[in-house]
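First the structure, in the form of structure tokens, and then the observations on it.
The values are calculated or read from the model by the stated rules, or taken from the named source; none is laboratory data. Bear in mind the structure is a predicted one, so any value in this text is a computation, not a measurement. Counting neighbours? That spans all protein chains shown, and the Cβs are built from the backbone with ideal geometry, glycine included.
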Amino acid sequence: MPKPTCSVDGCEQPRRKRSWCASHYSQQRQSGNPPEPFKYKWGQPEARPFIPKPNHKRAVCTVVGCATGAHGGGLCVKHYTRQLRYGDVEFVQRARSELQPCVVCGSDEKSIKSRRFCSPKCEALFSRHEGNVPDVANCGKCGSAIYLSSAANNGRRRHSNIKLCDECRPWHPSIPGVPSVAELVNRDGPNCSICGDPVDMTLRARVDGYMGPSIDHILPRSLGGSDEPENLALAHLSCNMQKSNRVA
């Protein structure tokens, strides 16, 4: 036996309450009048006719030189946030243009809250040394000068508590007694122990290329080799990587 349908003309939905379907019953509850047939039926192509919208161009931020889309008040998200925080976008731009370089590292990247330092690290370093941040430190092994303001191998400012220079620093600082690259050069000469070509000591391994100096284990550690000075030799980084854990 087929289920009874809605009593409204043209509606084939199942009857729920007062001989109407759920949609027409809700229509009657909201309007208070007897339900009327829907103009469009679900599933029909003409149920939702396509109405093309005008091609509006996206508004651009009103700040001069900013091409980002406007978010609120004619400003982009960045300038809108600055206006809420500081009250004036032009003041923020003017303050940034008048900022001086960082007093510690000389960087030009600064924030509005800290006009003297570029980062909390520089501010902590300035506070630790009471304003007299050292620029030069002495190597504890050879006594040569270490310029802290110059970038290290990772591109950052050298730490003020550095103890050894690049030539005196061993390949693994946690192992005492391991000779450095400079000591291997004084002992065996500047030639590579694998290919025999001279090693350019001015290059930094993995920074200026793979022809920089490195320390090679004659008998690899994976085969039982030790970190004794007799088992270490100077080699190009590329030659050392090609040798891997083989015995030359």
Exercise. What number of residues within the stretch 198-209 are surrounded by fewer than 16 Cβ atoms within 10 Å (Cβ to Cβ) and in contact with a strand residue (DSSP E or B) (Cβ under 7 Å, 6 or more places away or on another chain)?
Worked result: 2
For this session: Output yes when any residue across the stretch 176-183 is surrounded by fewer than 18 Cβ atoms within 10 Å (Cβ to Cβ), within 33 Å of the chain's Cα centre (by Cα) and modelled with pLDDT under 80, and no when none is.
Result: no
For this session: Name the residue, out of Lys141, Lys163, Lys110, Lys78, that is charged (D, E, K, R), at pLDDT 75 or above and not assigned by TED's automatic domain parsing to the domain that holds Pro229.
Result: Lys78
Exercise. Pairs, please: C-beta under 6 Å, at least 6 apart or cross-chain, first residue on the phi > 0 side of the Ramachandran plot and in the stretch 57-80, second hydroxyl-bearing (Ser, Thr, Tyr) and in a loop (DSSP other than H, G, I, E, B)?
Worked result: Gly74/Thr62
